[in-house]
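Step one of this worksheet: look at the structure below.
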Amino acid sequence: MIGWLSGTVAARDPIAGELVLAAGGVGYQVAVSLQTLAAVPAVGEPCTLWIHTHVREDVIALFGFADPIERRAFRLLLGVPQVGPKLAVAVLGGFPLPELLAAIEGEQRTLLERIPGVGKRTAERILLDLKEKVAPLRDALRGDAVAVTPVASGSDFRDDAREVLVNLGWKGKEVDTALAKADDGSHRSLDALVRRTLALLMARP
């Protein structure tokens, strides 16, 4: 079982939600949420991720997290019926972790339903199973902040941001409208632009 990996970022793929971490002469393909991807530095920079190893009969998949608290939240989500690892990563990517935990604790079902792939029944099940379990994680996160590594200007990667969000399940017209508001040229990374646009999408009534 892999607890964490520490190495160098060999590749980042925001569209697939993956990165390759080079460690000990091996390139590990790791799936990550949008929130974790925003904390991952540029290619060639050192990086440490907390790892959950998901084993099935036909595949072994690695899921990486910026800190062990996000990994604990991922594992809580995996304990919810009908929530697999891909959906758990999507839920974690929907909001910054403190906001997600607050939404679960506050039983904000309609907020969870805005995450692509989360329907009414799944949201209700997440709230029922986790609302009493997230307080320790929320408390542990107080005062924490995520740093985003600058790489380029927002207008240089609007097309990539659109592809990321459409790939997550958002409708193209909704993404275009939100991107027009979000891309003011001040975002210095693709991840920052995606997160800002995602925040606007999630705020839609």
Pairs returned, first residue in region 101-114 that is without any contact (Cβ under 8 Å) to a residue 24 or more places away in the chain and not assigned by TED's automatic domain parsing to the domain that holds LEU137, second residue that is buried (at least 22 other Cβ atoms within 10 Å of the Cβ) and not basic (Lys, Arg), beta-carbon separation under 6 angstrom, 6 or more apart or interchain, are none
Exactly one of VAL134, VAL83, VAL91, VAL118 is surrounded by 15 or more Cβ atoms within 10 Å (Cβ to Cβ) and within 14 Å of the chain's Cα centre (by Cα), and that one is VAL91
Within region 104-143, residues aliphatic (A, V, I, L, M) and closer than 24 Å to VAL175 by Cα come out as LEU111, LEU112, ILE115, VAL118, ALA123
By residue number, the members of region 46-76 that are among the aliphatic types (A, V, I, L, M) and farther than 21 Å from LEU198 by Cα are LEU49, ILE51, VAL55, VAL59, ILE60, ALA61, LEU62, ILE69, LEU76
Taking first residues from region 59-74 that are more than 13 Å from VAL30 (Cβ to Cβ) and second residues anywhere that are outside any strand (DSSP E or B) and modelled with pLDDT of 95 or more, the pairs with Cβ under 7 Å that are 6 or more apart or on different chains are none
Within region 94-115, the residues that are crowded, with 19+ Cβ neighbours inside 10 Å and of a type in the set (A, V, I, L, M) are LEU97, LEU100, LEU101, ALA103, ILE104, LEU111, LEU112, ILE115
Only unsatisfied item for GLY24, checking (1) of a type outside the set (Phe, Trp, Tyr); (2) in contact (Cβ under 8 Å) with a residue 60 or more places away in the chain; (3) surrounded by fewer than 14 Cβ atoms within 10 Å (Cβ to Cβ), is (2)
Residue count, region 52-80, condition β-branched (Val, Ile, Thr) and crowded, with 18+ Cβ neighbours inside 10 Å, comes to 2
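The values are calculated or read from the model by the stated rules, or taken from the named source; none is laboratory data. The structure presented is a predicted model; accordingly, all values stated were derived computationally and were not measured. So basically every Cβ, Gly included, is an ideal-geometry build from the backbone, and we count neighbours across all protein chains shown.
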